[in-house]
Amino acid sequence: MSGLLVEAPGSGQDLAIEVGGLHQRYGNFEAVRGISFTVQRGELFALLGTNGAGKTTTMEVLEGFTRPGDGHVRVFGLDPWKDRRKIRPRIGILHQDAGFLGDLTVQETVTLWRGMSADAGRATIDNALALVGLESKAKVKVRQLSGGQKRRLDLALAVLSRPDLLFLDEPTTGMDPEARFATWKVIQDLKAQGATVLLTTHYLEEAERLADRLAIMHEGSIHTYGTVDEVVSGAGDQVAFRLPMSAAQAKERFAEGLPFVQGIAPIVTYTAGGTQVVYTLSEGSEAARAQAAVRSLLAWADGVGVTLERLEIRRGTLEDVFMRVVGEVR
(Lines give C-alpha, C1' and ligand atoms only; values in the text may rest on other atoms or scores of the structure.)
Protein backbone atom coordinates (compact mmCIF):
# COMPACT_ATOMS: atom_id res chain seq x y z
CA MET A 1 0.00 0.00 0.00
CA SER A 2 3.02 2.26 -0.27
CA GLY A 3 1.58 4.12 -3.23
CA LEU A 4 -1.36 5.49 -1.27
CA LEU A 5 -1.87 9.21 -1.81
CA VAL A 6 -3.11 11.15 1.18
CA GLU A 7 -5.16 13.82 -0.53
CA ALA A 8 -5.81 17.19 1.03
CA PRO A 9 -8.78 19.27 -0.08
CA GLY A 10 -8.10 22.34 -2.18
CA SER A 11 -5.82 23.23 -5.05
CA GLY A 12 -2.07 22.88 -5.30
CA GLN A 13 -1.71 26.50 -4.13
CA ASP A 14 -3.35 25.46 -0.84
CA LEU A 15 -0.70 22.82 -0.17
CA ALA A 16 2.26 23.37 2.12
CA ILE A 17 3.74 19.92 1.45
CA GLU A 18 3.48 17.54 -1.50
CA VAL A 19 5.12 14.11 -1.49
CA GLY A 20 4.65 11.71 -4.37
CA GLY A 21 6.27 8.28 -4.62
CA LEU A 22 9.17 9.13 -2.31
CA HIS A 23 11.85 6.45 -1.99
CA GLN A 24 14.85 6.92 0.27
CA ARG A 25 17.68 4.41 0.48
CA TYR A 26 20.80 4.09 2.60
CA GLY A 27 22.98 1.58 0.79
CA ASN A 28 20.93 -1.60 0.43
CA PHE A 29 18.40 -0.49 3.05
CA GLU A 30 15.23 1.20 1.79
CA ALA A 31 14.04 3.42 4.65
CA VAL A 32 11.12 4.95 2.73
CA ARG A 33 9.28 2.89 0.14
CA GLY A 34 7.32 5.04 -2.27
CA ILE A 35 5.13 7.05 0.08
CA SER A 36 2.76 9.79 -1.08
CA PHE A 37 0.89 12.40 0.96
CA THR A 38 -0.02 16.08 1.03
CA VAL A 39 -0.38 18.61 3.84
CA GLN A 40 -2.71 21.55 3.37
CA ARG A 41 -1.70 25.01 4.55
CA GLY A 42 -2.99 25.67 8.06
CA GLU A 43 -3.55 22.05 9.04
CA LEU A 44 -1.76 19.75 11.46
CA PHE A 45 -0.75 16.47 9.90
CA ALA A 46 0.53 13.67 12.16
CA LEU A 47 2.93 11.08 10.80
CA LEU A 48 2.78 8.04 13.08
CA GLY A 49 4.68 4.79 13.08
CA THR A 50 6.92 2.37 14.90
CA ASN A 51 10.62 3.03 15.47
CA GLY A 52 12.36 2.69 12.13
CA ALA A 53 9.17 3.26 10.16
CA GLY A 54 10.77 6.04 8.09
CA LYS A 55 9.17 9.07 9.75
CA THR A 56 12.36 10.93 10.65
CA THR A 57 13.92 10.17 7.26
CA THR A 58 10.85 11.65 5.58
CA MET A 59 11.07 14.76 7.78
CA GLU A 60 14.75 15.22 6.95
CA VAL A 61 13.98 15.17 3.22
CA LEU A 62 11.21 17.74 3.65
CA GLU A 63 13.42 19.96 5.80
CA GLY A 64 16.07 20.01 3.08
CA PHE A 65 18.73 18.19 5.08
CA THR A 66 18.70 15.10 2.85
CA ARG A 67 18.57 14.94 -0.93
CA PRO A 68 15.46 12.98 -1.93
CA GLY A 69 16.03 9.66 -3.68
CA ASP A 70 13.25 8.88 -6.13
CA GLY A 71 9.94 10.71 -6.22
CA HIS A 72 8.43 14.20 -6.10
CA VAL A 73 8.84 16.41 -3.01
CA ARG A 74 7.73 20.03 -2.68
CA VAL A 75 7.45 22.47 0.22
CA PHE A 76 5.47 25.61 -0.62
CA GLY A 77 5.85 24.53 -4.24
CA LEU A 78 9.66 24.51 -4.01
CA ASP A 79 12.24 21.73 -3.97
CA PRO A 80 13.41 21.56 -0.33
CA TRP A 81 16.90 20.41 -1.35
CA LYS A 82 17.59 22.78 -4.27
CA ASP A 83 15.63 25.74 -2.88
CA ARG A 84 16.42 25.33 0.81
CA ARG A 85 17.72 28.91 1.14
CA LYS A 86 14.30 30.20 0.09
CA ILE A 87 12.43 27.75 2.30
CA ARG A 88 14.50 27.88 5.50
CA PRO A 89 13.29 31.35 6.65
CA ARG A 90 9.71 30.06 6.51
CA ILE A 91 10.12 26.89 8.56
CA GLY A 92 10.79 25.96 12.18
CA ILE A 93 12.27 22.61 13.16
CA LEU A 94 12.24 20.66 16.40
CA HIS A 95 14.48 17.59 16.15
CA GLN A 96 14.45 14.55 18.40
CA ASP A 97 17.87 15.41 19.80
CA ALA A 98 18.81 18.89 20.96
CA GLY A 99 22.26 20.34 20.23
CA PHE A 100 22.43 22.74 23.16
CA LEU A 101 25.57 24.13 24.78
CA GLY A 102 25.15 23.02 28.37
CA ASP A 103 27.04 25.91 29.98
CA LEU A 104 24.86 28.59 28.40
CA THR A 105 21.80 29.74 30.30
CA VAL A 106 18.34 29.35 28.82
CA GLN A 107 18.22 33.08 28.07
CA GLU A 108 21.66 33.03 26.44
CA THR A 109 20.62 30.07 24.31
CA VAL A 110 17.54 31.88 23.02
CA THR A 111 19.59 35.05 22.43
CA LEU A 112 22.16 33.11 20.41
CA TRP A 113 19.48 31.39 18.37
CA ARG A 114 17.59 34.61 17.84
CA GLY A 115 20.69 36.15 16.30
CA MET A 116 20.79 33.35 13.73
CA SER A 117 17.06 33.16 12.98
CA ALA A 118 15.29 34.82 10.10
CA ASP A 119 12.74 37.43 11.12
CA ALA A 120 13.35 36.72 14.82
CA GLY A 121 12.39 40.29 15.60
CA ARG A 122 8.77 39.18 15.56
CA ALA A 123 9.30 37.49 18.94
CA THR A 124 11.12 38.75 22.03
CA ILE A 125 13.15 36.44 24.24
CA ASP A 126 10.75 36.92 27.14
CA ASN A 127 7.78 36.11 24.95
CA ALA A 128 9.47 32.99 23.60
CA LEU A 129 10.19 31.68 27.09
CA ALA A 130 6.71 32.60 28.32
CA LEU A 131 5.21 30.73 25.40
CA VAL A 132 6.68 27.45 26.66
CA GLY A 133 6.56 28.20 30.38
CA LEU A 134 10.29 28.65 30.97
CA GLU A 135 10.34 32.27 32.23
CA SER A 136 11.51 31.15 35.68
CA LYS A 137 14.41 29.19 34.12
CA ALA A 138 15.90 32.08 32.13
CA LYS A 139 19.07 32.27 34.27
CA VAL A 140 19.47 28.49 34.64
CA LYS A 141 22.19 26.70 32.70
CA VAL A 142 20.83 24.37 30.03
CA ARG A 143 22.62 21.33 31.49
CA GLN A 144 20.59 21.80 34.69
CA LEU A 145 17.25 21.45 32.90
CA SER A 146 15.22 18.27 32.99
CA GLY A 147 14.62 16.33 29.78
CA GLY A 148 11.11 17.75 29.49
CA GLN A 149 12.34 21.31 30.06
CA LYS A 150 14.94 20.89 27.32
CA ARG A 151 12.15 19.80 24.94
CA ARG A 152 10.25 22.96 25.83
CA LEU A 153 13.35 25.03 25.12
CA ASP A 154 13.64 23.18 21.80
CA LEU A 155 10.09 24.25 20.99
CA ALA A 156 10.80 27.87 21.96
CA LEU A 157 13.68 27.97 19.46
CA ALA A 158 11.61 26.27 16.74
CA VAL A 159 8.83 28.87 16.95
CA LEU A 160 11.01 31.91 17.68
CA SER A 161 10.52 33.44 14.23
CA ARG A 162 6.84 32.44 14.03
CA PRO A 163 7.39 30.16 11.01
CA ASP A 164 4.75 29.35 8.40
CA LEU A 165 5.57 25.62 8.66
CA LEU A 166 6.64 23.72 11.77
CA PHE A 167 8.32 20.31 11.74
CA LEU A 168 7.89 18.77 15.19
CA ASP A 169 9.67 15.43 15.70
CA GLU A 170 8.48 13.88 18.99
CA PRO A 171 7.88 17.30 20.61
CA THR A 172 6.67 16.10 24.03
CA THR A 173 9.09 13.25 24.72
CA GLY A 174 10.20 13.34 28.37
CA MET A 175 7.51 15.78 29.49
CA ASP A 176 5.23 15.20 32.45
CA PRO A 177 1.47 15.31 31.76
CA GLU A 178 1.12 18.96 32.80
CA ALA A 179 3.92 20.09 30.49
CA ARG A 180 2.57 17.93 27.68
CA PHE A 181 -0.88 19.52 27.93
CA ALA A 182 0.70 22.98 27.99
CA THR A 183 2.72 22.14 24.88
CA TRP A 184 -0.39 20.93 23.10
CA LYS A 185 -1.96 24.32 23.85
CA VAL A 186 1.08 26.11 22.35
CA ILE A 187 0.86 24.00 19.19
CA GLN A 188 -2.89 24.55 18.90
CA ASP A 189 -2.45 28.31 19.32
CA LEU A 190 0.24 28.43 16.62
CA LYS A 191 -2.02 26.50 14.28
CA ALA A 192 -4.91 28.86 15.07
CA GLN A 193 -2.64 31.71 14.00
CA GLY A 194 -2.17 30.06 10.60
CA ALA A 195 0.91 27.86 11.02
CA THR A 196 1.06 24.50 9.26
CA VAL A 197 2.41 21.64 11.38
CA LEU A 198 3.89 18.26 10.46
CA LEU A 199 4.14 16.24 13.65
CA THR A 200 5.62 12.86 14.54
CA THR A 201 4.76 11.32 17.89
CA HIS A 202 4.60 8.00 19.71
CA TYR A 203 1.80 9.33 21.92
CA LEU A 204 -1.34 8.28 20.06
CA GLU A 205 -3.50 10.42 22.35
CA GLU A 206 -1.43 13.39 21.19
CA ALA A 207 -2.23 12.65 17.56
CA GLU A 208 -5.93 12.15 18.33
CA ARG A 209 -6.05 15.45 20.20
CA LEU A 210 -4.10 17.61 17.74
CA ALA A 211 -4.26 16.21 14.22
CA ASP A 212 -6.60 17.24 11.42
CA ARG A 213 -5.37 14.27 9.40
CA LEU A 214 -2.81 11.56 9.98
CA ALA A 215 -0.99 8.68 8.35
CA ILE A 216 0.44 5.53 9.93
CA MET A 217 3.78 4.33 8.57
CA HIS A 218 5.38 0.94 9.10
CA GLU A 219 8.55 -0.41 7.52
CA GLY A 220 8.83 2.54 5.16
CA SER A 221 5.26 2.50 3.82
CA ILE A 222 2.02 4.31 4.60
CA HIS A 223 -0.65 1.77 5.53
CA THR A 224 -3.62 3.91 6.56
CA TYR A 225 -4.50 7.61 6.50
CA GLY A 226 -7.31 10.13 6.74
CA THR A 227 -8.93 12.28 9.40
CA VAL A 228 -8.82 10.91 12.93
CA ASP A 229 -12.49 9.89 12.67
CA GLU A 230 -11.95 8.19 9.32
CA VAL A 231 -8.97 6.23 10.57
CA VAL A 232 -10.53 5.27 13.90
CA SER A 233 -13.80 4.20 12.27
CA GLY A 234 -11.82 1.42 10.61
CA ALA A 235 -11.09 -0.05 14.05
CA GLY A 236 -14.78 -0.91 14.49
CA ASP A 237 -16.74 -1.09 17.74
CA GLN A 238 -16.06 -3.51 20.57
CA VAL A 239 -18.77 -5.22 22.57
CA ALA A 240 -17.35 -6.93 25.64
CA PHE A 241 -18.67 -8.81 28.66
CA ARG A 242 -17.66 -11.39 31.23
CA LEU A 243 -19.24 -14.76 31.90
CA PRO A 244 -19.08 -15.75 35.60
CA MET A 245 -17.61 -19.18 34.99
CA SER A 246 -14.28 -20.88 34.50
CA ALA A 247 -12.89 -22.10 31.20
CA ALA A 248 -13.99 -25.67 31.92
CA GLN A 249 -17.51 -24.56 32.89
CA ALA A 250 -17.84 -22.36 29.79
CA LYS A 251 -16.69 -25.13 27.46
CA GLU A 252 -19.04 -27.62 29.10
CA ARG A 253 -22.06 -25.29 29.08
CA PHE A 254 -21.54 -23.94 25.57
CA ALA A 255 -20.37 -27.06 23.81
CA GLU A 256 -21.16 -25.54 20.40
CA GLY A 257 -19.27 -22.39 21.27
CA LEU A 258 -20.38 -18.83 21.83
CA PRO A 259 -22.64 -17.26 19.21
CA PHE A 260 -21.43 -15.42 16.13
CA VAL A 261 -22.63 -11.82 16.03
CA GLN A 262 -23.07 -10.24 12.60
CA GLY A 263 -20.92 -13.07 11.29
CA ILE A 264 -18.12 -12.30 13.77
CA ALA A 265 -16.69 -14.85 16.18
CA PRO A 266 -15.64 -13.56 19.61
CA ILE A 267 -12.17 -13.44 21.11
CA VAL A 268 -12.39 -15.39 24.38
CA THR A 269 -9.92 -14.99 27.24
CA TYR A 270 -10.05 -17.21 30.30
CA THR A 271 -8.96 -15.60 33.59
CA ALA A 272 -9.24 -16.37 37.28
CA GLY A 273 -12.19 -13.98 37.48
CA GLY A 274 -14.21 -15.62 34.71
CA THR A 275 -14.43 -15.80 30.93
CA GLN A 276 -13.89 -12.52 29.07
CA VAL A 277 -15.61 -12.23 25.68
CA VAL A 278 -14.96 -9.49 23.10
CA TYR A 279 -16.60 -8.95 19.70
CA THR A 280 -15.06 -6.47 17.26
CA LEU A 281 -17.62 -5.15 14.77
CA SER A 282 -16.41 -3.40 11.65
CA GLU A 283 -19.14 -4.09 9.10
CA GLY A 284 -22.50 -2.41 8.60
CA SER A 285 -23.82 0.93 9.79
CA GLU A 286 -21.54 2.61 12.33
CA ALA A 287 -24.58 4.21 13.95
CA ALA A 288 -26.52 0.98 14.49
CA ARG A 289 -24.17 -2.03 14.52
CA ALA A 290 -23.30 -1.95 18.23
CA GLN A 291 -26.96 -1.69 19.28
CA ALA A 292 -27.92 -4.55 16.99
CA ALA A 293 -25.11 -6.68 18.41
CA VAL A 294 -26.13 -6.00 22.01
CA ARG A 295 -29.75 -6.80 21.21
CA SER A 296 -28.69 -10.13 19.72
CA LEU A 297 -26.43 -10.99 22.65
CA LEU A 298 -29.06 -10.15 25.24
CA ALA A 299 -31.56 -12.38 23.46
CA TRP A 300 -28.98 -15.19 23.42
CA ALA A 301 -28.19 -14.67 27.12
CA ASP A 302 -31.89 -14.81 28.06
CA GLY A 303 -32.28 -17.98 26.02
CA VAL A 304 -29.44 -19.83 27.75
CA GLY A 305 -30.02 -18.28 31.16
CA VAL A 306 -26.71 -16.55 31.66
CA THR A 307 -25.78 -13.08 32.87
CA LEU A 308 -23.47 -10.91 30.76
CA GLU A 309 -21.45 -9.24 33.49
CA ARG A 310 -19.82 -5.84 32.90
CA LEU A 311 -21.40 -5.52 29.47
CA GLU A 312 -19.87 -2.55 27.65
CA ILE A 313 -19.62 -0.97 24.23
CA ARG A 314 -16.39 0.76 23.26
CA ARG A 315 -15.54 2.60 20.10
CA GLY A 316 -12.29 1.52 18.50
CA THR A 317 -9.28 3.70 19.20
CA LEU A 318 -6.28 4.92 17.27
CA GLU A 319 -4.23 2.44 19.30
CA ASP A 320 -6.39 -0.40 17.95
CA VAL A 321 -5.73 0.77 14.39
CA PHE A 322 -2.02 1.19 15.07
CA MET A 323 -1.62 -2.28 16.55
CA ARG A 324 -3.63 -3.79 13.70
CA VAL A 325 -1.31 -2.18 11.14
CA VAL A 326 1.76 -3.51 12.94
CA GLY A 327 0.21 -6.95 13.37
CA GLU A 328 -0.90 -7.25 9.74
CA VAL A 329 2.53 -6.34 8.42
CA ARG A 330 4.31 -8.77 10.71
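Among the listed residues D302, D320, which satisfies the condition of being free of Cβ contacts under 8 Å to residues at least 24 places away in the same chain and of a type outside the set (F, W, Y)?
Numbers: D320 fails: free of Cβ contacts under 8 Å to residues at least 24 places away in the same chain.
Selected residue: D302, the only one of D302, D320 that is free of Cβ contacts under 8 Å to residues at least 24 places away in the same chain and of a type outside the set (F, W, Y).
Can you tell me which residue among A215, A207 is of a type in the set (A, V, I, L, M, F, W, C), in a helix (DSSP H, G or I) and buried (at least 21 other Cβ atoms within 10 Å of the Cβ)? Write out each step before concluding.
Working: A215 fails: in a helix (DSSP H, G or I).
None of the other options fit; the residue is A207.
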Return the residue satisfying two criteria in turn: it lies in region 218-241 and is β-branched (V, I, T) and surrounded by fewer than 20 Cβ atoms within 10 Å (Cβ to Cβ), and of such residues it is farthest from L168 (Cα to Cα).
V232
Sole exception among (1) touching a residue at least 24 places away in the same chain (Cβ under 8 Å); (2) part of a helix (DSSP H, G or I) for E230, by number
(1)
Filtered residues of region 216-263 (kept if farther than 30 Å from G49 by Cα and aliphatic (A, V, I, L, M)):
L243, M245, A247, A248, A250, A255, L258, V261
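Which residue out of G226, G305, G236 is within 30 Å of V39 (Cα to Cα) and modelled with pLDDT of 90 or more?
Details: G305 fails: within 30 Å of V39 (Cα to Cα); G236 fails: modelled with pLDDT of 90 or more.
Residue meeting the stated conditions: G226.
The values are calculated or read from the model by the stated rules, or taken from the named source; none is laboratory data. Values in this document were obtained by computation on a predicted structure and should not be read as measured data. Backbone-built Cβ (ideal geometry, glycine too); neighbour counts: all protein chains shown.
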